[in-house]
1. Looking only at the stretch 58-81, decide whether some residue is assigned to a helix (DSSP H, G or I), modelled with pLDDT of 90 or more, in contact with a helix residue (DSSP H, G or I) (Cβ under 9 Å, 6 or more places away or on another chain) and open to solvent by less than 50 Å² (accessible area, probe 1.4 Å).
2. Output the number of residues of the stretch 1-23 satisfying the condition of being open to solvent by less than 40 Å² (accessible area, probe 1.4 Å), closer than 30 Å to N82 by Cα and at pLDDT below 90.
3. Does F396 qualify as being part of a loop (DSSP other than H, G, I, E, B), out of contact with any Cys (no Cβ under 7 Å at 6 or more places or on another chain) and open to solvent by 50 Å² or more (accessible area, probe 1.4 Å)?
4. Quick one: in the stretch 567-595, of everything that is modelled with pLDDT of 90 or more and touching a helix residue (DSSP H, G or I) at 6+ places or on another chain (Cβ under 8 Å), which residue is surrounded by the fewest Cβ atoms within 10 Å (Cβ to Cβ)?
5. How many of the residues making up the stretch 399-418 are open to solvent by 10 Å² or more (accessible area, probe 1.4 Å) and assigned to a strand (DSSP E or B)?
6. Would you check if A452 is among the hydrophobic types (A, V, I, L, M, F, W, C) and surrounded by fewer than 18 Cβ atoms within 10 Å (Cβ to Cβ)?
7. Which condition breaks for L522 when tested against (1) part of a helix (DSSP H, G or I); (2) modelled with pLDDT under 90; (3) surrounded by 22 or more Cβ atoms within 10 Å (Cβ to Cβ)?
8. Which pairs have Cβ atoms under 9 Å, sit 6 or more apart or on different chains, and link a residue in the stretch 460-476 that is farther than 14 Å from V449 by Cβ to one that is buried (at least 18 other Cβ atoms within 10 Å of the Cβ) and aromatic (F, W, Y)?
Amino acid sequence: MIDSYKEPGVPDRRSAIRYLWWLVTSQRGRVALAMTLGSVWMVGLTLPPYLLSRAIDQGLQPGNEAALIGWSAALLLVGAVNAWIGIMRHRTMTRIRMDANFRTVKVVVGQAVRLGAALPRQVTSGEVVTIGIGDVRVISQALTVTGPGVGSVVAYLVVAALLLSVSSVLAVVVLLGVPLLALLVGPLMGRLQRTETSYRERQGELAARIQDLAGGLRVLNGLGGKGLYAGNYRRESRLLQAEGYRVGTVTSWIQAFGVGLPTLFLAVVTWLAARMAAQGEISVGQLVAVYGYVAVLVVPVSFFIEGSYDISRALVTARRVIRFLALELGVAEAEAEAGEGAGAGRDVDAGVDAPVSPSVLDDPVSGVRVLPGQLTALVSARAAESADVVDRLARFAATEATWGGVRLDRVALPQVRDRILVADNEADLFAGTLREILAGRCDRDEEAVLRAVHTAMAEDVVRGLPQGLDTAVDAQGRNLSGGQRQRIRLARALLAEPEVLMAMEPTSAVDAHTEAAIATRLREARAGRATVVSSTSPLLLDQADTVFYLVDGKVSATGSHRELLRDQPGYRTLVSREEVPTADEGVAAGGVAADGAADGRAAGAGLTVPHPAAVPDPVEPGAPGTPGAPCTPCERAGESVR
């Protein structure tokens, strides 16, 4: 079986059948042993009928008890030996299936890790989960054909040869009958592949939807959208159920043929043999042997049908696996993996040096310019447009951006990651203590940690934990509300102290009072360093030195928040909402308000409901919560939490 600490090898991604063949050739020795044991075991099944026929023809003759005892002892010995071979065959096949299972899991996990930040943009989490749980089992089951499957072919030929020694007619019936049975099942295999493919695709989509539903259930409750979303899920679930019934129909016919056709075949051959015995063409012992041979042949025929069924399903799931393995990295990730900078074959560590001092980041595609020491805001009716700008400025996508006049994609990637940090609301939170979550790899003293917590308005999270910063917490901050997780992520980003911090909707999951305080404290904490925020919150925008209003991904207007409110009707419509308290009023009103309080953002015309993970959850002010865990990979300056 594959060693957990060894590389699984390089999978053959050219086709589904080649991928399955790669799993076979990756364990040649074990497969060869399985083929040998499977063949010996199958052939061993044909020996008892032969021995039994000899015992009847010779041992039942008067005065020939020695022959009866001898043939009976031989029958017992053969049965015991074949039972032991069957045990060893089963153990070997189990190891083969487990190796294929673990090998597939390792290449899938390796690809997921390799894709990194590019993974969520290319495939849903439900698809990955379905591959890792269901598909690997189907694929590994198909490798059963390497043992009993090969043994079935050998046993089929041996039985045909044995029958030839009894009757050429019976041998011809067996030689032609078994392939005919396979042809009868063939059309069903093609139909199974089609229905299984449709079912598998819908299953992956539904798995992703249920994850979204579970993650945002409280949010949907608060927004009144749970019924609508649940209705959509029920409708999709019924469609999946219908697909499942179609798969089940085909499967039931295949399994019925797997049991019924061999039995029918046995009846036909036995009837022919009985007629021949009645006519004196074969002896009674030969009749018993023929019945035993054909009864044994039921096992290989069943394996043929079941093996075809397993391979048919495995081809469907293997296509899903190789499609996942064929996903490509984003530009920055590909450069990091290949060790190439700017796509020109240079070692990523040997690119052009970044500017020595803080410098202007310029994105010519959108027209956004990030000045050193300033708080810059990006405002767009579509959050994806702001995200695209950030991806280019942080070199997470193909970019023409410059940094201090130097093309950003020519700068050594480690230097970009060390000095430019992107923090969004989908950042991973690994298991650990709250202190470990906030610090990551960075060694920060107590004062620095508390300062970051204060800026992010996360003091109530710390106070609510039994041991404060040293409390052990769950992965992904599952015990926290959306607002608490968001503030922990923000505190983690602030503690990294990057030269350039780019925060995506950093206050979308908190109430207005908390948001006002965060906006003021963020400006103070980041004074003298470049900070970029994407938001439509007036409280945050009012603190910005420069606001870029984006329309269709391009800068439509630039200025302060108040200037754009006065001069740009589209901007005013986008960000306007009811008057909310200032930061001072918010703090005076009680410090930290509940995450679940409505922040009023939905009142702005043209705004969309935020992602469930980033929407406030209904929790009590200061309620105890378990923080999320360390970021990916550490929230160090310049290391994106994506």
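1. no
2. The total comes to 1.
3. no
4. Filtering the stretch 567-595 for residues that are modelled with pLDDT of 90 or more and touching a helix residue (DSSP H, G or I) at 6+ places or on another chain (Cβ under 8 Å), the one surrounded by the fewest Cβ atoms within 10 Å (Cβ to Cβ) comes out as R572.
5. Number satisfying all stated conditions: 3.
6. Numbers: among the hydrophobic types (A, V, I, L, M, F, W, C): yes; surrounded by fewer than 18 Cβ atoms within 10 Å (Cβ to Cβ): no.
When the stated conditions are applied, A452 does not pass them.
7. L522 satisfies every listed condition except (2).
8. As it stands, the answer is A475/F430; Q476/F430, since those pairs meet every condition given.
The values are calculated or read from the model by the stated rules, or taken from the named source; none is laboratory data. None of the values given here were measured: they were computed from a predicted structure. Positions of Cβ are backbone-derived with ideal geometry, glycine not excepted, and every protein chain shown enters the neighbour counts. The area values use the complete protein model at the heavy-atom level, side chains included, leaving out ligands, DNA and RNA. Shrake-Rupley method; radii C 1.70, N 1.55, O 1.52, S 1.80 Å.
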